[in-house]
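Presented below is the structure to which this report refers.
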Amino acid sequence: MHAKVRTAGCECSSSKEIVSSSVSVNNQLSAVVFPNPSTGDLFIKMDKAQGQAVTMTLVSLTGAAVKTQTAVNNGTISFDANNVSNGVYLLKMVSGEEVSTVKVTLQH
């Protein structure tokens with residue numbers, strides 16, 4: 001929320017910002033996960049592993065695997081996190097020998 005004070009009073013406005021998380025390391029998957037924070041569905045875009053199976057595991061900060069899903073990377077992959085509790089997690093994506101991990105926040 002932003003407020004501007006004028007001599008005649010206050011003028012308030014609000015705006016939403018879309019935030020995505022990405023990671024890129026040599027010889028690893030480069031992944032962009034959005035929206036982050038998410039209210040349920042996460043979307044993952046990867047520049048590598050096109051047409052290949054990608055296994056995605058949502059991991060709690062205590063190290064417990066909360067949900068695993070496998071999909072073929074055809075550009076953008078959807079990960080259903082609607083039934084996962086609010087909190088901060090790590091989304092680990094694996095395709096062959098390549099791995100990427102991104103921190104995500106769920107806020108239903």
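Any read-out appearing in this document is the output of simple, stated calculations on the displayed coordinates, not a laboratory observation. Being a predicted model, the structure only gives us computed values, none of them experimental. So basically every Cβ, Gly included, is an ideal-geometry build from the backbone, and we count neighbours across all protein chains shown.
Checking the a/c ratio against 1.5 first, then a/b against b/c, what shape does the Cα gyration tensor give for the stretch 19-106? Numbers along the way, then the final one.
Working: a/c = 1.55, a/b = 1.50, b/c = 1.04.
Because a/c hits 1.5 or more and a/b exceeds b/c, the stretch 19-106 counts as prolate.
Convert each backbone phi in the stretch 96-106 into a coupling constant with the Karplus relation 6.51 cos²θ - 1.76 cosθ + 1.60 (shift: θ = phi - 60°), then list the ³J(HN,Hα) values in order as whole Hz, x for Gly and Pro.
Whole-Hz 3J(HN,Hα) from phi for the stretch 96-106: x, 8, 8, 9, 9, 10, 10, 7, 10, 10, 10.
Give me the net charge for the shell around T55: Cβ to Cβ below 15 angstrom, other residues only, Lys and Arg +1, Asp and Glu -1.
Values: positive: K48, K67, K92; negative: D80, E97, E98.
Once positives and negatives cancel, what remains is 0.
Using the 10 angstrom Cβ neighbour count as an exposure proxy, how do L61, L106, L90, L42 rank, fewest first? Mind showing how you got there, number by number?
Numbers: L61 10, L106 20, L90 15, L42 24.
Least crowded to most crowded, the residues run L61, L90, L106, L42.
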